1. So, in the stretch 93-117, of the ones that are more than 15 Å from the chain's Cα centre (by Cα), β-branched (Val, Ile, Thr) and over 20 Å from LYS20 (Cα atoms), which residue ends up least open to solvent (accessible area, probe 1.4 Å)?
2. Among the numbered conditions (1) of a type outside the set (Ser, Thr, Tyr); (2) in contact with a Pro (Cβ under 6 Å, 6 or more places away or on another chain); (3) at pLDDT 95 or above, tell me where GLY106 comes up short.
3. Working only within the stretch 41-77, note down all residues that are of a type in the set (Val, Ile, Thr), surrounded by fewer than 21 Cβ atoms within 10 Å (Cβ to Cβ) and within 23 Å of VAL110 (Cα to Cα).
4. Tell me, please, whether a residue that is among the acidic types (Asp, Glu), open to solvent by less than 60 Å² (accessible area, probe 1.4 Å) and out of contact with any His (no Cβ under 7 Å at 6 or more places or on another chain) can be found in the stretch 78-89.
5. Looking at the stretch 41-66 only, could you name the residues that are in a helix (DSSP H, G or I) and in contact (Cβ under 8 Å) with a residue 60 or more places away in the chain?
6. Could you say which residue among SER135, SER151 is surrounded by fewer than 17 Cβ atoms within 10 Å (Cβ to Cβ) and either modelled with pLDDT under 95 or under 23 Å from VAL17 (Cα atoms) (or both)?
7. Answer yes or no: is there a residue in the stretch 82-101 that is touching a residue at least 60 places away in the same chain (Cβ under 8 Å), aromatic (Phe, Trp, Tyr) and more than 26 Å from LYS24 (Cβ to Cβ).
8. Scan the stretch 22-40 for residues that are open to solvent by 20 Å² or more (accessible area, probe 1.4 Å), part of a loop (DSSP other than H, G, I, E, B) and modelled with pLDDT of 95 or more and jot them down.
Amino acid sequence: MNFTHLDENGNINMVDVGNKPPTKREAVASGEICVGEEIFTKIKTNQIAKGNVLECAKIAGIMAAKKTHELIPLCHQICLDKVDISFSFDEKTHTIKAQSLARTNGQTGVEMEALIAVSVALTTVYDMCKALSKSMIISDIKLLSKSGGKSGDYVRQI
């Protein structure tokens, strides 16, 4: 297996995507945060003192996706056509699940942007609720799917 971020001498190398044709690309990532019953109820009823947790987390995740190239070494700055984050609630486990979507028409994929978006969204939930508890657990961050580009489509097999 050849690593694209290494040159022929094993030195770090940013991949040159300049000759690749632009294609429509999309990536979906997910993760979750277990917050406990009290915080779960307060988030659902918008009773967290810092404000609307999920709206703030969504904005933070979108902003983070736009800055992915500043956070991940050798990651290309890309023009994002769409970034979105949605949340769902698991009443049984008091867990909030986040799912991000990143889309572009470009020369390189948007998997990192989708992963960063969901990671920062969940970390923002933690930040906004940490005054109530520091025992929240962020977990299970993963790429669910990607489409476009030379390597083709990928769908996580559960």
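1. Applying the filter and picking the extreme gives THR95.
2. Only one criterion in (1) of a type outside the set (Ser, Thr, Tyr); (2) in contact with a Pro (Cβ under 6 Å, 6 or more places away or on another chain); (3) at pLDDT 95 or above is unmet by GLY106, namely (3).
3. ILE59, ILE62, ILE72
4. Yes - at least one qualifying residue is present in the stretch 78-89.
5. LYS42, ILE43, VAL53, LEU54, CYS56, ALA57, LYS58, ALA60, GLY61
6. The match here is SER151.
7. Among the residues of the stretch 82-101, not one is touching a residue at least 60 places away in the same chain (Cβ under 8 Å), aromatic (Phe, Trp, Tyr) and more than 26 Å from LYS24 (Cβ to Cβ), which makes the answer no.
8. Within the stretch 22-40, just GLY36 meets the criteria.
The values are calculated or read from the model by the stated rules, or taken from the named source; none is laboratory data. Remember, it's a predicted structure, so these values are computed and weren't measured experimentally. Using ideal geometry, Cβ is built from the backbone for each residue, glycine included, and neighbour counts are taken over all protein chains shown. Side chains are part of the model used for accessible areas, which takes the heavy atoms of the whole protein and leaves out ligands, DNA and RNA. Shrake-Rupley method; radii C 1.70, N 1.55, O 1.52, S 1.80 Å.
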